[in-house]
Structures are given as C-alpha cells and as structure tokens.
Amino acid sequence: MVKANPSGPSGAAGKAREKFTFGLWTVGNIGRDPFGGPVREVISPVEIVKLLAEVGAYGVNMHDNDLVPIDASPAKQKQIVDDFKKALSDTGLVVPMATTNLFSDPVFKDGAFTSGDSQVRAYALQKTMRAMDLGAELGAKIYVFWGGREGAETDAGKDPVDGIKRFREAINFLCQYSMQNNYNYRFALEAKPNEPRGHIYLATTGNYLAFIETLDYPEMVGVNPEVAHETMAGLNFVHHVAQAIEAGKLFHIDLNDQESGRYDQDYRFGAANIKQAFYLVKLLVDHGYDGPLHFDAHAYRTEDYEGVKDFARGCIRNYQLLKKKVARFNKDAEIQQLIKRINPADEKLDALAGNFSENAVRQLKSMKFDRKAIGARGIPYERLDQLAMEIIMGER
Ligand code: GCO
Ligand code: MN
Ligand code: MN
C-alpha cells in the first residue's frame, strides 16, 4: 500500500528507476475515431513489446483481448501467450497490471457487472476470472477495473442504486477469487465520468474512495485515477490523487493529458496543461509514490509508428523533466521561504486544535485573535506562482 512518505521531498523516492509502463492498447492504438477509420496498421503484441523496449519502458499492461482475441481457441491462446512471454524475456519488460475488456463486445452494450441482465453479469464475472488467470500467469500484481460501459444514457430502465450494489457484489466475489488462487492482486478501480456511456456510475476517484470502504475486503482495493478523467469533469485531478494518497489507496495511476470541455483526448503526458502536470509530479514525488507510472494515452492520429515512438518517448521525457523541475522547486531557498510565509505555524495552537479535550475547548473559546491583522496579511502567491512558472519554463 502506498502510504504518505513522511520523509517528504528529500525522501529516497527519487533514486529508484521509475516504472514507466504503457498498455498494449496505447501504443497499439490504430487511430480510429468516430469520424474515420484506422490510420495505422495493426501491430502484434510482440511488436508492441519491442517498440516499448526501444523507447525505454519498464513494463506493458493489457486487457485480456489486447493479447488474446475473444474467440481464440485454447491452442491459439497458448501460442499467443508463449510468443508474448518470449518477447518479454527477450526485452526484460514486465507486466505489472492486467485488466478485462468489459466494453468492446456488444454483449456489454448496457454494462457488465451492472447490467440488468443476469446472464451478462455472470458472463462478465466468468470473463474477468479468466482474465485474472491470464494476468497472474504473466506476473501482474495489480488488477484494474474500469467500468467503461457501467452506466446509462437514461435512468429510465435501471435503478442506479442497483448499479452500485451489483458492482459491489462483483468486486467482493472477485476479491475472494483472487485470494482463493493466491494471486495476491491489488485491485485498482478507475473512475471516468462519461465516454463511452452518456453517464458512467461512480464517476470520480472520490466516488470510488467512498465505495471501497463498503466492500468486504477494502484493504485489497484502491484506485487508478487518470488525468483525463477528472479533467473531463472540470475537476482538479491533483486534489483527487491527493485524497487517494492520503487514504493509502493510490495503487496505480494513468497519466495522459486532456483539455477541459473536450472529447476524451488521451494526449501525451504534459501536452495540454504543463502546470498541472508539474504539480501532479510534485505530489507523486513528495509523497514517495513508487508504483507504476502508466501512460494511458495515444499518439495523435496524424502519426505513423515512428511518430508513435516520438509520442511514447515524449510521455517519459516530460515526466522526467518535470521531476527535475520539482527537485529544483523543492530546493529553491526563496521558494521555500515563501512557502513558510504562506503557512505560518504555531505548534502550541496546532496541539490544541488537533486534540479534543475540555481544556482545549475552554482555551480555544476564550482565546483572543487579532482577526483584522491576520486578515490584512498579504499572502504571496503571485510571487510564488511566478517563481514556479519560471522553473517550469527553464528560466530558474
Ligand atoms: C479510457 C480508460 C481506459 C482504461 C483501460 C484500463 O478512457 O478508455 O482510461 O483506457 O484505463 O481500459 O482499464
Ligand atoms: Mn481514459
Ligand atoms: Mn485509463
């Protein structure tokens, strides 16, 4: 479990090699969109692994059907998996995370675990158990649940309360399945407000953090927040990740970029909002997050596979550059002084306010505060924010 790192900015976190990962579906994306067909040829999982090794990735993630087609025979599956394992051992790449495709096939058009149809719900469980077997065989320790079709365009036909109950039932069942098989998976729930459904249930990371506490095995379950998803909803992604970190629930993270109020863009990490990306990297570094850094993004539709490599290298490079900028920010004396000024601390007061007692109540209620003087104090965010920007822009 990723816990807040009390050693803060100077902690050991920065020294280890980052675990940069990509999904088979990310660099393998062929550029289809609602207005046009593919612009790139399909490349095989083995070729994708080679491409990822070339750009310096640590690992590769997958949905069951990114690797094994939904209708593959057992013999075909074995051959595909053997070839894939060989590519992994040839390149040294690992598979830290696996997940299930519960959204592409028409059977899931009205949801999987939350479908109103008992057959669909049972099939979704069966498909997920098989996908968990496959992920475990490849060494995955994190299992992501993204409920892409778990939602509705209209609430006329399904009770959204049932949706939540059904989702809970499925996760509880699968926690037991993971334990029964000693897979030791950590489940990471990924929220998204919409796309492909008009409205997806449990739309934000915050929704999932509350939901997790209602599960039978909450300690096995955390979240997989994605930059684009909270941003699509007009929310502050960094603050959602912060809540996950504070709760010890940041099991995985999907990095990409997104402009607010637009379609699901899945841009290269840092491509749209570099300032937010900076504060996100700062949050992850300051709190010693050492799980996978998964780029769930894809190259612009203009690119060929050389451009896809540029895209993948760009994701990694932007993270690394921002990490350098964070180190610079954290050791900048003027910046640290401004932060101190913004957060004037008084240990005695904090001890009183942090521990309820009759004495604390009495003292706090009788205390005199110079409200006007405190309110009149300038708080130098303009200067601080400008210094942060100078660092980001390479002028400091
Ligand atoms: C999306 C999601 C997906 C999931 C993936 C893994 O917007 O389509 O981000 O890419 O992350 O299905 O669960
Ligand atoms: Mn997404
Ligand atoms: Mn994602």
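Derivation of every value follows stated rules applied to the coordinates shown; laboratory data play no part. Not measured: the values here are computed from a predicted model. Counting neighbours? That spans all protein chains shown, and the Cβs are built from the backbone with ideal geometry, glycine included.
Points worth noting:
- Modelled label reach - GLU334, point 7 Å along Cα→Cβ, region 354-396 residues with backbone N closer than 16 Å: 380-396
- Karplus 3J(HN,Hα) series, Hz, for region 345-355 with 6.51 cos²θ - 1.76 cosθ + 1.60 (x for Gly, Pro): 9, 9, 4, 4, 4, 4, 5, 5, 6, x, 9
- Here's the picture: a label point sits 7 Å out from the Cα of GLU137 along the beta-carbon direction, and within region 75-103 the residues with their amide nitrogen under 17 Å of it are 75-89, 95-101.
- Considering only alpha-carbon pairs that sit under 8 angstrom and 6 or more positions apart, the relative contact order computed for region 278-371 is 27 percent.
- Efficiency of FRET from Cβ geometry, ASN194 and GLU306, R₀ 30 Å, rounded to 0.05: 0.35
- Max mean-square fluctuation residue, GNM over the chain, Cα-Cα springs under 10 Å, options LEU384, LEU189, LEU67: LEU384
- Long-range Cα-Cα pairs in region 226-299 (distance over 21 Å), rounded percent: 18 percent
- Charging the Cβ of each Asp and Glu at -1 and of each Lys and Arg at +1, and nothing else, the dipole of the chain about its Cα centre rounds to 1320 debye.
- Mean separation of Cα pairs under 8 Å and 6 or more residues apart, divided by the residue count, gives the chain a relative contact order of 17 percent.
- Calculated FRET efficiency, ARG377 to ASP290, Cβ-Cβ distance, R0 = 45 Å: about 0.70 to the nearest 0.05.
- Rg/Rh ratio calculated on Cα atoms of region 32-167 (Kirkwood radius): 1.02
- Highest-MSF residue in the chain out of LEU338, LEU125, LEU235 [GNM, Cα springs under 10 Å]: LEU338
- Spin-label pair ARG17/ILE342, simplified geometry with 7 Å Cα→Cβ offset, distance in nm: 3.6 nm
- Normalised by residue count, region 127-272 yields a Cα convex hull volume of 114 Å³ per residue.
- Candidate cross-link partners of LYS331 among the aspartates and glutamates, defined by an alpha-carbon separation under 13 Å and a same-chain spacing of 8 or more, comprise ASP286.
- With the charge dipole of the chain set up from +1 on Lys and Arg Cβ and -1 on Asp and Glu Cβ about the Cα centre, the Cα lying farthest toward the positive end among the listed residues GLY28, THR214, TYR279 is that of TYR279.
- MET393 versus GLN320: modelled label distance in nm, points set 7 Å from Cα along the beta carbon direction: 2.6 nm
- Among the chymotrypsin sites (Phe, Trp or Tyr not before Pro) in region 89-172, none sits in a DSSP loop with a Cβ that has at most 16 other Cβ atoms within 10 Å.
- Grouping the Cα pair distances of region 333-392 into 10 Å bins from zero gives a pair-distance distribution of 18, 34, 27, 17, 4 percent in increasing distance order.
- Using the Cβ-Cβ distance between TYR217 and ARG130 with R0 set to 30 Å, the FRET efficiency works out to roughly 0.90.
- For region 333-384, applying the loop criterion from DSSP together with a ceiling of 10 other beta carbons within 10 Å to the chymotrypsin sites (Phe, Trp or Tyr not before Pro) yields PHE356, PHE369.
- Whole-angstrom gap from region 52-97 to region 368-392, using each part's C-alpha centre: 51 Å
- Distribution of pairwise C-alpha distances over the chain, 20 Å bins, in %: 25, 54, 19, 2
- Between region 294-342 and region 180-258, the Cα center-to-center distance that results, in Å: 22 Å
- By the rule of a C-alpha distance below 29 Å, with chain neighbours fewer than 8 residues away ignored, the lysines paired with LYS127 are LYS19, LYS50, LYS76, LYS78, LYS85, LYS86, LYS109, LYS141, LYS158, LYS165, LYS192, LYS249.
- Estimated vicinal HN-Hα couplings, Hz - region 237-251 in sequence order (Karplus 6.51, -1.76, 1.60; Gly, Pro = x): 4, 4, 5, 5, 5, 4, 5, 5, 4, 4, 8, x, 10, 7, 8
- Entry note, region 208-326: relative contact order of 24 percent, from Cα contacts under 8 Å with a spacing of 6+ residues.
- Each label point was placed 7 Å from the Cα along the Cα-to-Cβ direction; for GLN386 and GLU41 their separation is 5.5 nm.
- Most mobile listed residue (GLY291, GLY135, GLY92) in the chain, GNM with C-alpha springs under 10 Å: GLY92
- Projecting the Cα positions of ILE142, THR128, ILE245 onto the charge dipole of region 12-330 (unit charges on Cβ atoms of Lys, Arg, Asp and Glu, taken about the Cα centre) puts ILE245 furthest along the positive direction.
- Straightening the chain between LYS368 and GLU246 buys 40.6 nm, computed as 0.36 nm per residue apart minus the Cα-Cα spacing.
- DSSP-defined beta bridges in the chain - what % are antiparallel, rounded to 5: 15 percent
- For ALA188, the residues whose amide H sits under 5 Å from its own are TYR143, VAL144, PHE145, GLY222, ignoring neighbours fewer than 5 places away on the same chain, with H placed 1.01 Å from N.
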